[in-house]
Amino acid sequence: MTNTPGSENPRPGTIDMKLEAVIIAVADADRSKRFYSGLGWRLDADFVVGDAFRVVQFTPPGSPCSIHFGKGLTSAAPGSAKGLYLVVSDIEAAHAELVARGIEASEVFHRTGPGQPAISGRHPEGRSYSSYVTFADPDGNSFILQEITQRLPGRVDASDTIFTSSGELAAALRRAAAAHGEHEKRTGGQYDVNWPDWYAEYMVAEQAGTSLPT
């Protein structure tokens, strides 16, 4: 039996198809450029071709995917992009940075499961995928920050552990350190001379969504 588009269990693709950029519609490219610069995103390009075409590209810190806006790019209405997800490793630190930059962001909130109502504050157990912050640009294009510290199984190849910023790596090291402290308590409080190996195993497993060491 062959797999066809739309079948329930399609054969995994063998060619990498990395999402490179998402187009958002804005009313005033210069205003949006000021907003995303103030957000701390990297300005990659601002190409103008006559009066009919302009493309501005910004990339969020640590992101492999960028946004495009400008003129002559889309027929969508300004502000029509809703719920674009930005993954962070520390939702409270991300919220604090948005506020410090003068961005009107929501308070941190969490959900107990998909489709469940929002509850104020970070998830009490720090559950991955469960804590959020939202904000929007001047046109109303909206973004959702989601805290992810451990991927669901199968979401990341265990051989491709990647940390895209020093902050993300530091946060992973702090989580590994806390977990290793509990590990040492369970082993009688003895100093673990092989702690680098334990840290490495923990950090790789956490990112790949596989079983964590105990």
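General remarks:
- Close pairs (6 angstrom Cβ cut-off, 6 or more residues apart or separate chains): assigned by TED's automatic domain parsing to the domain that holds L173 and under 16 Å from R175 (Cα atoms) in the range 185-204, among the hydroxyl-bearing types (S, T, Y) and surrounded by 10 or more Cβ atoms within 10 Å (Cβ to Cβ) anywhere: V204/T161
- Those strands (runs of 3 or more DSSP E) of the range 32-121 in which at least 1 residues are surrounded by fewer than 13 Cβ atoms within 10 Å (Cβ to Cβ) and more than 20 Å from the chain's Cα centre (by Cα), considering only elements entirely within it, cover 42-49, 53-59.
- Residues of the range 159-172 classified as part of a helix (DSSP H, G or I), surrounded by 12 or more Cβ atoms within 10 Å (Cβ to Cβ) and either at pLDDT 85 or above or of a type outside the set (A, V, I, L, M, F, W, C) (or both), total: 2
- Options I119, I148: the member that is among the aliphatic types (A, V, I, L, M) and at pLDDT below 95: I148
- A residue that is in contact (Cβ under 8 Å) with a residue 24 or more places away in the chain, crowded, with 18+ Cβ neighbours inside 10 Å, assigned to a loop (DSSP other than H, G, I, E, B) and touching a Gly at 6+ places or on another chain (Cβ under 7 Å) can be found somewhere in the range 135-148.
The values are calculated or read from the model by the stated rules, or taken from the named source; none is laboratory data. This structure is a prediction, so every number in the text was calculated from the model and none was measured. Glycine gets a Cβ as well: all are built from the backbone with ideal geometry, and neighbour counts include every protein chain shown.
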